[in-house]
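These notes concern the structure reproduced below.
The values are calculated or read from the model by the stated rules, or taken from the named source; none is laboratory data. This one's a predicted model, so the numbers in the text were calculated from it and none came from an experiment. For neighbour counting, all protein chains shown are included, and Cβ atoms are generated from backbone atoms with ideal geometry for every residue, glycine included. These accessible areas exclude ligands, DNA and RNA; they are computed on the full protein's heavy atoms, side chains included. Shrake-Rupley method; radii C 1.70, N 1.55, O 1.52, S 1.80 Å.
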Amino acid sequence: MFIPRKQLCGIVHSGIHARATFSTLTTRHATTTWTYPSTPLNKYNRKLITLLKDPQICLPIFDKCREIQELNLKPDLTTYTVLLEAHERNNDLESIMKTLEEMELVGIAPSISAFNIALRAAGSNGDTVMLEKIIELIHKAGLQMNINSYEIIIQGLCANSELEHALDILGDMTVSVDEEGQPDENGRPTIDVRPSLQCFVPIIQLAQSLHETETAYLVLKMAEVQAGLSRIPAVVYTDLMAKAADDYVLPAVEYCWKKGVKELGASPDEGCCMLVLNCAAHEKAPQLSAEVIQYMGENDMDFQEYHFAPLLQAFSLAGKYKSAFNVLSIMRTSGMKPTILTATSLLKVLGEQGNIDDAYTCMREMHQEGKAIDVVAFNVLIEASGRAKNLTQAMSIFDAAASLSIEPDTDTYNALLTGCITDRNMSEGKNVILMMQREGVDPNVDTYQSLISLCLTQINYEEAFMYLEEMKSHDVIPSESIYTSLVRKLARENDPRIKYAIEEMESFGYVVGPNLKEYIETGGLSNLEESERRKQIRVSQRRRSGNRPHF
């Protein structure tokens, strides 16, 4: 028997020939045989099999093999199989291969179980070259690989990230499926061994880790059409669902949600639910978003604003404005306070031409249906109109507040001011402030900042300083963006007060960055603007030159 030099030199001794009558014992990895009735070798084989039952034992097996050798007993298939198991536990692939060679020399043909031990050792070492060599030895011995063989080979290939090779072997074992995951009538397996779940799962996991999510999804569908694999563990679906959601592969996410969660009762955690929600939002799948939110509620997860943001985005991108408006109402009834910032995704969608009119029509229909409209939904329409430089539309929507049973809040008026800024309409801006005062609506930081920004769009911008001082009198520190806008305006106007504005800006801890310094130094022109200005001068000069009369 071949035992490593540190245990025992690999030499073969002759001994009493064991009788060729066998029984079987199934171990963790393989089927081991022993001889009977009572013979000297059988006594030791039984001891070896007993030792093998303890997965931590390795060296005592080598010691027992040494005793067999010292007694000049001839080892049989049982002895060699246990020895191969010990070498595998010792992570000694070289000794396994030498033991197989020795078995051939003494005329003991290795069983497929013995070769499987070698396959497993090669696979765990990531030695795919040796895997191929062992497969050749199996074919040379005239043996048929069993399901355990293929499981080991596929797991070994996957451990070495050889996805294509593993897929080739699996493909030879399975019925082909089309892109919809349905069996292909013309696709017949070329290997007469039915694959087990252990053949599919490593490939699915490897494909996921390589972001080959669509491949993982197809392999999962292949597993489902195999007989005996109709009930794949729910965790396989949820793991793939999370990875597919991260990769925005919506068909795989929707399918795994249906199979894993709705049918098999899997319980994805909040992190997994967020991945699915984000994917659904990105891929415009509001139905999936709604199902995830429902699942979270049924499982007593604490809702936060960020849970609803993807749902709002999904409805917005899909053009389902009524549902998007309802999300805002649900958030408020759930104890959250949505804002225009919450509805950023809706605001972005409304920026596309024609969408504001469609959304406003939906809002009026909701009111006629007796449904409450959240003020944030109303504010978003006004804000979107203002950003689209349509102050008239913004004012028209605002005037409809009473007919929609909506009470404007501070953000409503701030949204109107956005339209005034884009329209550079100071008089309307002042009217907005008067309306706030008349309705008893208090301004906030955003109101002051909008007023200052509006003032800076005018030729006469003196009121900007008045609102700045009024803001500070309420112990409100103006934002860095306000000071930046003010300094840029003063630079363009060559206003000497720029020095004091910069000092005050720095007193609040704001930094005058390189771009702003350059803007100041060029008299309010950036390099790009200065270049464009000079280009216009040259064009104008050439035109004038071209119009000169020729003598």
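Would you mind checking which residues have amide H under 5 Å from Tyr461's amide H? H placed 1.01 Å from N; only 5 or more apart, or other chain.
none
List, in order, the whole-Hz ³J(HN,Hα) value for each residue of the range 440-446 obtained from phi through the Karplus relation with A = 6.51, B = -1.76, C = 1.60 and θ = phi - 60°; use x for Gly and Pro.
x, 8, 6, x, 10, 4, 4
What is the Cα centroid distance between the range 358-422 and the range 282-350, reported in whole angstrom?
19 Å
Using a 1.4 Å probe, how large is the accessible area of Tyr461, given in Å² and rounded to the nearest 10?
In the full protein context, Tyr461 sits at about 20 Å².
From largest accessible area down, sort Glu305, Glu224; use a 1.4 Å probe on the protein chains.
Final ranking, largest accessible area leading: Glu305, Glu224.
Compute the length gained on full extension between Asp168 and Glu298: take 0.36 nm times their separation in residues and subtract their Cα-Cα distance, giving the result in nm to one decimal.
In short, 42.5 nm is gained.
Could you work out the local net charge near Val380, counting Lys and Arg as +1, Asp and Glu as -1, over the other residues with Cβ closer than 12 Å to its Cβ?
Taking every Cβ under 12 Å from that of Val380, the sum is -1.
How big is the range 41-98 by the Kirkwood estimate over distinct Cα pairs, in Å?
11.3 Å
Separation between the Lys371 and Val129 pseudo-spin-labels, each 7 Å from Cα along Cα→Cβ, expressed in nm?
Going from the Lys371 label point to the Val129 one covers 6.7 nm.
Heads up, I need the accessible area for Met145: 1.4 angstrom probe, whole protein in place, Å², nearest 10.
20 Å²
In terms of Cα to Cα distance under 22 Å, which lysines are near enough to Lys389, apart from those fewer than 8 places away along the same chain?
Result set, ordered by chain and number: Lys348, Lys430, Lys489.
Give the ranking of Asp442, Asp127 by solvent-accessible surface, highest area first, calculated with a 1.4 Å probe.
Asp442, Asp127
Between Ser473 and Lys430, with labels modelled 7 Å along Cα→Cβ, what's the label distance in nm to one decimal, could you check?
1.8 nm
Under 26 Å from the Cα of Lys221, which lysines turn up, not counting those fewer than eight places away in the same chain?
Straight-distance partners of Lys221: Lys243, Lys258, Lys259, Lys262, Lys284.
Any idea of Cys273's accessible area? Nearest 10 Å², probe 1.4 Å.
0 Å²
In what order, largest first, do Ile482, Ile340, Ile459 sit by accessible area if the probe radius is 1.4 Å?
Ile459, Ile340, Ile482
To the nearest 0.05, how large is the calculated FRET efficiency for Thr344 and Asn494 if R₀ is 51 Å and r is the Cβ-Cβ distance?
Result of the calculation: an efficiency of 0.85.
Within the range 318-342, which residues have the backbone N less than 17 Å from the label spot 7 Å out from Ala290 along Cα→beta-carbon, could you tell me?
From the range 318-342, the list is 318-331.
Give, rounded to the nearest 20 debye, the magnitude of the charge dipole that the range 55-126 has about its Cα centre when Lys and Arg contribute +1 at Cβ and Asp and Glu contribute -1 at Cβ.
Here the size comes out at about 140 debye.
Grab the Cα-Cα distance for Ser481 and Val235, subtract it from 0.36 nm times how many residues apart they are, and report the gain in nm with one decimal.
So the chain would gain 83.6 nm between Ser481 and Val235.
Where the centre of each part is set by its Cα atoms, how far does the range 84-113 sit from the range 202-266, in angstrom?
38 Å
For the range 90-173, which whole-number percentage of the solvent-accessible area (1.4 Å probe, protein heavy atoms only) is attributable to carbon and sulfur atoms?
49 percent
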